[in-house]
Amino acid sequence: MFSRPLRDLTHTVGFRLTLWYSGMFILSMSMLFGLIYLILSASLKQQDHEMIQSRLRELSTVYAQGGVEALEREVSGEKKFKKRNAFLVRVADSGNRTVFLILPYQWADFDFKVLEEKSFDGWFKLFSRTGKDVLEVASSPLAFRYTLQVGKSTEDREKVLRNFLRIFVAALIPLVLLGFVGGIFLSYRSLRPIRQLTETVRSISSGRMDARAPMLRSRDELGDLVILFNSMVEKIERLIRAMRESLDNVAHDLRTPMTRMRGIAEMALRSDGDVEASREALADCLEESDRILKMLNTLMDISEAESGTMTLELREVKVRDVMKKVMDLYGYVAEEKELHIETRCPEDLSFVVDPLRIGQALANLLDNAVKYSPWGGNVEVTAEQKGDGVLIAVKDAGIGMGPGELPRIWDRLYRADQSRSQKGLGLGLSLVKAIVEAHKGEVGVSSEPGKGSVFTLYLPLHASSDAL
Ligand code: ADP
């Protein structure tokens with residue numbers, strides 16, 4: 001029945017909002033009008049009744065002073081002097097026969113004989129033959145069982161009320177139209193950010209990950225939503241890029257040992273049953289598969305630590321003890337390279353950590369410091385309390401790194417070009433960062449090419465329980 005664009009419009013939130021607003025507007029305006037109408041009508045009625053009653057009192061006094069003649073004189077005198085004579089005045093005798101009746105000419109349509117046919121007390125209404133006009137009449141007993149009746153038409157007040165109704169309708173129609181058009185315009189404008197967000201989501205789902213919703217000038221709820229949405233998309237894009245890169249890196253780094261293993265196996269098969277050559281090939285394969293396994297295990301450890309599923313065996317340990325265990329492990333490598341390792345740590349400084357994991361992180365840092373230091377260099381490992389945490393620093397005077405490399409060294413499988421000559425998987429620092437952050441700590445680095453590097457781990461004295 002409706003054309004498509006119209007159907008689309010009627011299905012919009014904006015249209016529904018406008019309908020609601022207009023409906024509420026018309027309802028509240030009508031209620032307000034109804035109330036004003038009732039108050040106005042009641043006060044006009046009261047005013048009419050007061051006028052009738054005051055006229056009734058006046059004429060009763062005239063009657064009391066001079067009887068029916070004086071009353072007749074008073075009422076017809078008014079007529080003569082063209083005083084506004086809007087009152088019906090009737091005097092009836094004890095048998096309800098009209099003694100005299102004054103009627104303003106415009107009430108000719110009323111059948112006043114009714115007044116004689118029935119006796120009325122107090123207030124009553126008299127309807128015209130057409131039923132459209134109404135006379136309100138008040139009765140009051142006079143001396144000698146006479147009755148005085150004074151009435152007034154409700155026409156004046158109905159005219160006022162009719163005018164009021166006409167003005168209201170005349171004002172309401174353009175107001176409702178204006179409200180409806182204004183409502184559509186306002187809701188169209190205020191829902192624009194939502195439409196832009198929808199457009200952006202559509203673009204993103206069609207593969208354009210760089211699409212962003214236009215920022216709003218206003219910092220209202222929608223403005224905040226757009227900022228949050230954009231930063232969320234930014235984060236997702238960064239994560240996807242990082243995941244893609246690390247998948248590429250893993251594939252790339254797996255290809256080398258796998259190709260090597262395949263080559264070794266092929267060579268062994270071609271060796272025509274030479275047992276020694278086969279044994280050697282198997283040993284080489286074992287070494288390569290160990291390397292692959294180590295890489296995969298470290299990757300899994302990093303993922304576990306980053307996702308918070310790594311089980312941390314938290315307990316209170318002395319920082320010095322953790323450091324000593326690592327030193328013992330690396331002492332002989334340092335000796336081989338004639339390195340001098342100096343350690344400094346307060347005797348009673350302790351923290352609540354998983355000592356194995358923190359030891360692993362410290363070992364990775366020390367491994368790098370040894371690896372990237374020249375022969376006979378110096379390495380310093382220090383620990384001190386800083387605020388509510390322990391700051392561990394590993395300083396070397398090795399090859400160092402340029403500012404361009406620093407942000408990338410924490411990425412999985414990243415290895416700087418100058419370190420390719422050294423053994424390594426490019427996973428050591430990623431694991432350090434993941435372990436420290438699982439302890440709610442922070443990692444830091446400062447380095448200068450050719451001068452050396454300082455890696456720092458800041459660990460809270462008490463790792464929070466949600467790290468568990
Ligand atoms: P790798 O197994 O290659 O050492 P890491 O994740 O431990 O992997 O380190 C990533 C890269 O950071 C290294 O390849 C190296 O380029 C750089 N790096 C780490 N530690 C040092 C250091 N002490 N001195 C200089 N470069 C370092």
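Please compute the contact order of segment 241-307 in relative form: average sequence separation of alpha-carbon pairs under 8 Å and at least six residues apart, divided by the residue count, as a percent. The value is 31 percent.
Among 457, 201, 239, whose Cα lies farthest out toward the positive end of the dipole of the chain, if unit charges sit on the beta carbon of Lys, Arg (+1) and Asp, Glu (-1)? Positive-most Cα among the choices belongs to 201. Placing +1 on the Cβ of every Lys and Arg and -1 on the Cβ of every Asp and Glu, with nothing else charged, gives the chain a dipole about its Cα centre of roughly 3760 debye. Of the peptides 239-247, 357-365, the ranking by mean beta-carbon count within 10 Å, highest at the top, reads 357-365, 239-247. Remark: the Cα gyration tensor places segment 91-145 in the prolate category, a/c being 1.5 or greater and a/b exceeding b/c.
Counting pairs of alpha carbon atoms under 8 Å apart in space and at least six apart in sequence, what relative contact order in percent does the chain give? RCO, the chain: 10 percent. Mind running the shape call on segment 241-307? Use the C-alpha gyration tensor, a ≥ b ≥ c as the square roots of the eigenvalues: rounded below 1.5 for a/c, prolate if a/b tops b/c, oblate otherwise. Because a/c hits 1.5 or more and a/b fails to exceed b/c, segment 241-307 counts as oblate. Ranked by solvent-accessible area (1.4 Å probe, protein heavy atoms only, all chains present), the residues 309, 10 order from largest to smallest as 309, 10. Summary of packing: across the peptides 271-279, 40-48, the per-residue average of other C-beta atoms within 10 Å ranks them, highest first, as 40-48, 271-279.
With R₀ fixed at 22 Å, the C-beta to C-beta distance from residue 93 to residue 61 puts the FRET efficiency at about 0.65. Farthest toward the positive end of the dipole of segment 3-160, out of 62, 147, 137, is the Cα of 137, where the dipole comes from beta carbon charges about the Cα centre.
Taking one quarter of the surface of the C-alpha convex hull of the chain gives a mean projected area of 49.6 nm².
Placing unit charges on each Cβ (+1 for Lys and Arg, -1 for Asp and Glu) gives the chain a dipole about its Cα centre, and among 258, 308, 124 the Cα reaching farthest toward its positive end belongs to 124. Normalising the average separation of contacting C-alpha pairs (under 8 angstrom, six or more residues apart) by the number of residues puts the relative contact order of segment 3-160 at 21 percent. Here segment 381-423 is treated with +1 on each Lys and Arg Cβ and -1 on each Asp and Glu Cβ, and its dipole about the Cα centre works out to around 220 debye. If you line up the long axis of helix 155-190 against the longest principal axis of the chain, both from Cα atoms, how many degrees apart are they, to the nearest 10? Tilt of helix 155-190: around 10 degrees. Can you give the local net charge around residue 217? Use residues other than it whose beta-carbon is closer than 15 angstrom to its beta-carbon, Lys and Arg +1, Asp and Glu -1. Cβ neighbours under 15 Å give a net charge of 0. Neighbours of residue 96 by Cβ distance under 14 Å: Lys/Arg scored +1, Asp/Glu scored -1, total +1.
Segment 395-468 and segment 263-294 have Cα centres separated by 35 Å. For the chain, the longest principal axis of the Cα atoms and the long axis of helix 428-438 meet at an angle of about 40 degrees.
Overall dimensions of segment 3-160, expressed as equivalent-ellipsoid semi-axes from the Cα gyration tensor (√(5λ), whole Å, largest first), are 51, 16, 14.
Roughly how tilted is helix 275-307, in degrees to the nearest 10 and between 0 and 90, from the longest Cα axis of the chain? The two axes meet at around 30 degrees.
Taking each DSSP H run with n ≥ 4 as -39500 (n - 2.57) and averaging over every residue of the chain yields -19500 deg cm²/dmol at 222 nm. For the peptides 149-160, 185-196, residues were scored by their other Cβ atoms within 10 Å and the scores averaged per peptide; the highest-first order is 149-160, 185-196. Around the Cα centre of segment 193-304, unit charges on the Cβ atoms of Lys, Arg, Asp and Glu (plus for the first two, minus for the last two) sum to a dipole of about 840 debye. The shape of segment 279-409 comes out oblate: with a ≥ b ≥ c from the C-alpha gyration tensor, a/c is at least 1.5 while a/b does not beat b/c. The residues of the chain expose on average 63 square angstrom of accessible surface per residue, using a 1.4 Å probe on protein heavy atoms.
The values are calculated or read from the model by the stated rules, or taken from the named source; none is laboratory data. This is a predicted model, so every value here is computed, not measured. Please note: Cβ atoms are built from the backbone with ideal geometry, for glycine as well, and neighbour counts cover all protein chains shown. Please note that ligands, DNA and RNA were not included when accessible areas were found on the heavy atoms of the full protein model with its side chains. Shrake-Rupley method; radii C 1.70, N 1.55, O 1.52, S 1.80 Å.
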